[in-house]
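Data first, discussion second: the structure below is written as structure tokens.
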Amino acid sequence: PHLLRRLLGEGSLSMTLTAWLVRHDVAQGQGDPLPALASGLFRRLVLVLGGLVLLGMLAAPQLLAFLALSPEALAEGSSLLRLCLPYVLLAGMAALGMAVLHCREVFWLPALSPVIFNVVVISAMLAGWLAGGTEAVPAALAAGMSAGGLAQWLAQWGYARRVFPATAMESPAASPSGRELWGCLGRLPLG
């Protein structure tokens, strides 16, 4: 979970997306291309990150065996990994929401995003501890991580939809090419 958070939730993904969106938003010049850019990236991120999450869930025992977990820990570790893997998709979606908000000069909510995540994770761990003692905390942490990612995503996109006129999301001013959008995603690992 910590590795996933460091890779996706610490801002590197949103910074890369912000730079790409700003460059393309400014280059277009006419209309408001940001809704089309965000919508196109959203769909592609769901495909890529959703596929990685599904692959990770299917291969959880093999991934953890690579880390040399004992056979006794492998079953529990696989279960915990499957609980927290949706965070990959949710953090990616939240990062795109943060990038969109940065392009609209809304900085307070992206800055608050780690707080939202931490409050949800700590609440989940506390609820797990109250419900089942210390033995329930690892599962609560793993589930809390995904729930925290969901809370971040809902906060970012809920507010992002407020900064776009309703018509901009339905009929965007400019439609970027699929090649451009896939090119942006190809740069993310280097971000």
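With 0.36 nm allotted per residue and the present C-alpha distance subtracted, the residue 65-residue 123 stretch has 17.8 nm of extension available. Local charge sum around residue 181 (other residues, Cβ-Cβ under 10 Å, Lys/Arg +1, Asp/Glu -1)? In short, +2. You can think of it this way: the chain between residue 73 and residue 179 has 33.8 nm of extra reach, that is 0.36 nm per residue less the Cα-Cα gap. To the nearest 0.05, how large is the calculated FRET efficiency for residue 57 and residue 23 if R₀ is 25 Å and r is the Cβ-Cβ distance? It comes to 0.15.
Where a number appears in this text, it was derived from the coordinates with a stated rule and is not lab data. Quick caveat, the model's predicted, so the values are computed rather than measured. Glycine gets a Cβ as well: all are built from the backbone with ideal geometry, and neighbour counts include every protein chain shown.
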